[in-house]
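The values are calculated or read from the model by the stated rules, or taken from the named source; none is laboratory data. Just so we're clear, the structure is a prediction, and the values are computed from it rather than from any experiment. All Cβ positions, even for glycine, are placed from backbone atoms using ideal geometry, and neighbour counts span all protein chains on display. These accessible areas exclude ligands, DNA and RNA; they are computed on the full protein's heavy atoms, side chains included. Shrake-Rupley method; radii C 1.70, N 1.55, O 1.52, S 1.80 Å.
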Amino acid sequence: MKAVMRTKYGSPDVLELREIDRPDPKDNQVLVKVHAVSVNPLDWHVLRGEPFLVRLMGFGLLKPKHQILGADIAGRVEAIGKNVTQFKVDDEVFGSGMGGFAEYACVSQNRLVLKPTAMTFEQAAAVPVAGLTALQALRDHGRLQSGQHVLINGASGGVGTFAVQIAKALGAQVIGVCSGRNVEMVRSIGADHVIDYTKEEFWRSEKKFDLIVDNAAFQSIGKPLRVLKATGIYVGVGGSSSTLSFLQSLIVNPLIARMKGRKVVSFMANVKQADLVSIKELLEAGKVVPVIDRKYALSETPEAIRYVEKGHARGKVIITI
Ligand SMILES: NC(=O)c1ccc[n+]([C@@H]2O[C@H](COP(=O)([O-])OP(=O)(O)OC[C@H]3O[C@@H](n4cnc5c(N)ncnc54)[C@H](OP(=O)(O)O)[C@@H]3O)[C@@H](O)[C@H]2O)c1
């Protein structure tokens with residue numbers, strides 16, 4: 001099979017398109033013939049091994065553990081391991097497991113769900129990491145309730161476009177923050193109001209929010225806390241990717257939040273099958289529609305990653321195989 005691989009940490013230049021043997025599924029795994037895979041910021045972090053903390057999170061200290069990246073997979077079941085009970089050959093599935101930048105990938109059965117029949121493989125591949133992150137940020141960490149006011153910073157990217165739509169589906173009033181070129185798109189997916197960050201700093205707003213989901217936390221934590229209600233929650237999803245800012249979000253931000261009497265949460269999304277099912281139901285009900293920015297061929301994976309790495313994707317970037 002064809003696969004885009006690397007053997008060392010580095011820029012997208014270390015990636016090579018190679019012909020390798022098709023993997024065999026382990027007992028609990030499904031072999032998926034990959035039709036589409038989406039690119040996440042996670043891919044370039046794991047590709048480069050940056051920030052260094054990524055290497056300590058099980059991705060390999062000096063040498064990368066995963067030669068094939070690509071966590072968001074949609075495709076058809078080609079074969080199943082002997083303990084797989086949830087899927088059969090030819091099922092159309094989507095889910096999350098490393099190894100998607102290839103014609104075939106092995107994924108644990110509990111990280112997959114059946115693809116809605118009305119969705120394309122490209123749409124389904126857009127969902128897992130970004131959709132799960134948005135759902136868990138709003139529902140679990142942000143405890144969003146119907147009628148509450150939520151501000152989503154970085155509303156136009158992969159996580160943001162899911163967060164706007166899921167927040168609306170949960171009955172919230174949604175204020176999105178993005179650059180001017182994306183204002184109309186964020187409004188079109190349901191935001192009640194959109195702030196163009198090139199013209200206005202959201203933390204100077206007169207309004208106070210029950211929840212802030214921050215996908216673009218480039219500012220110091222004190223700023224968003226100015227517009228958080230006393231009972232509100234700030235959920236840090238992503239933003240600056242240095243080790244220093246990572247440590248700041250883990251150690252300094254909670255201290256500042258405590259001093260200001262506000263609740264601040266940072267988290268890493270979990271791949272839970274039940275959550276994939278919840279998002280699938282929202283997709284089937286038409287309450288969430290993936291926003292797709294660009295599509296690339298497998299051989300163009302380095303280019304797709306370079307584009308995502310710039311930090312201005314408009315929804316999701318897809319590799320079609
Ligand atoms: N904690 C977790 O488990 C988890 C999971 C997934 C992702 N993440 C992290 O979350 C972040 C977002 O991920 P993503 O997949 O949505 O990335 P993405 O698709 O690259 O989107 C990033 C978005 O940020 C916006 N943006 C850039 N600068 C901004 C600014 N100064 N103010 C407001 N918005 C700004 C961009 O919008 P414009 O083009 O309009 O500027 C872009 O749409 C990344 O840092 C990623 O590593 C964390």
* Only residues in region 163-174 that are in the same structural domain as Asn153 (by TED's automatic domain parsing) count as the first member; pair them with residues that are among the charged types (D, E, K, R) and open to solvent by 30 Å² or more (accessible area, probe 1.4 Å), Cβ under 6 angstrom, at least 6 apart or cross-chain, and list the lot. => Ala169/Lys287; Gln173/Asp192; Val174/Lys168; Val174/Asp192
* To do: Select, from Lys223, Lys207, Lys199, Lys229, the only residue that is assigned to a strand (DSSP E or B) and not polar (S, T, N, Q).
  => Lys229
* Structure fact -> Here the residues within region 1-54 that are among the hydrophobic types (A, V, I, L, M, F, W, C), open to solvent by 30 Å² or more (accessible area, probe 1.4 Å) and within 22 Å of the chain's Cα centre (by Cα) are Leu42, Trp44, Phe52, Leu53
* Pairs, first assigned by TED's automatic domain parsing to the domain that holds Asp72 and farther than 23 Å from Ser96 by Cβ in region 129-149, second more than 16 Å from the ligand (Cβ to nearest atom) and not in a helix (DSSP H, G or I), C-beta under 7 Å, six or more apart -> none
* For Asp275, all conditions in the list (1) open to solvent by 70 Å² or more (accessible area, probe 1.4 Å); (2) over 30 Å from Gly10 (Cβ atoms); (3) not hydrophobic (A, V, I, L, M, F, W, C) hold save one; what is the number of the exception? -> (1)
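Going by the structure shown, is Pro51 within 16 Å of the ligand (Cβ to nearest atom) and either closer than 25 Å to Ala269 by Cα or not assigned by TED's automatic domain parsing to the domain that holds Glu122 (or both)?
Here the answer is yes, as Pro51 does meet what is asked.
Please count how many residues of region 79-97 are open to solvent by 70 Å² or more (accessible area, probe 1.4 Å) and acidic (Asp, Glu).
Just the residues of region 79-97 that are open to solvent by 70 Å² or more (accessible area, probe 1.4 Å), to begin with: 82-83, 85-86, 88-90.
Those still in the list that are acidic (Asp, Glu) too: 90.
Qualifying residue count for the region: 1.
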* Structure fact -> Scanning region 290-317 for residues that are of a type in the set (A, V, I, L, M) and more than 16 Å from the ligand (Cβ to nearest atom), the one surrounded by the most Cβ atoms within 10 Å (Cβ to Cβ) turns out to be Leu298
* To do: Determine which member of the set Val237, Val264 is within 16 Å of the ligand (Cβ to nearest atom), without any contact (Cβ under 8 Å) to a residue 60 or more places away in the chain, surrounded by 14 or more Cβ atoms within 10 Å (Cβ to Cβ) and among the hydrophobic types (A, V, I, L, M, F, W, C).
  => Val264
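Checking the conditions here, which among Ala155, Ala167, Ala137, Ala124 is open to solvent by less than 10 Å² (accessible area, probe 1.4 Å) and away from the ligand (no atom under 16 Å from the Cβ)?
So the residue among Ala155, Ala167, Ala137, Ala124 that is open to solvent by less than 10 Å² (accessible area, probe 1.4 Å) and away from the ligand (no atom under 16 Å from the Cβ) is Ala124.
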* Determine whether Val235 is under 30 Å from Ala118 (Cα atoms) and of a type in the set (A, V, I, L, M). => no
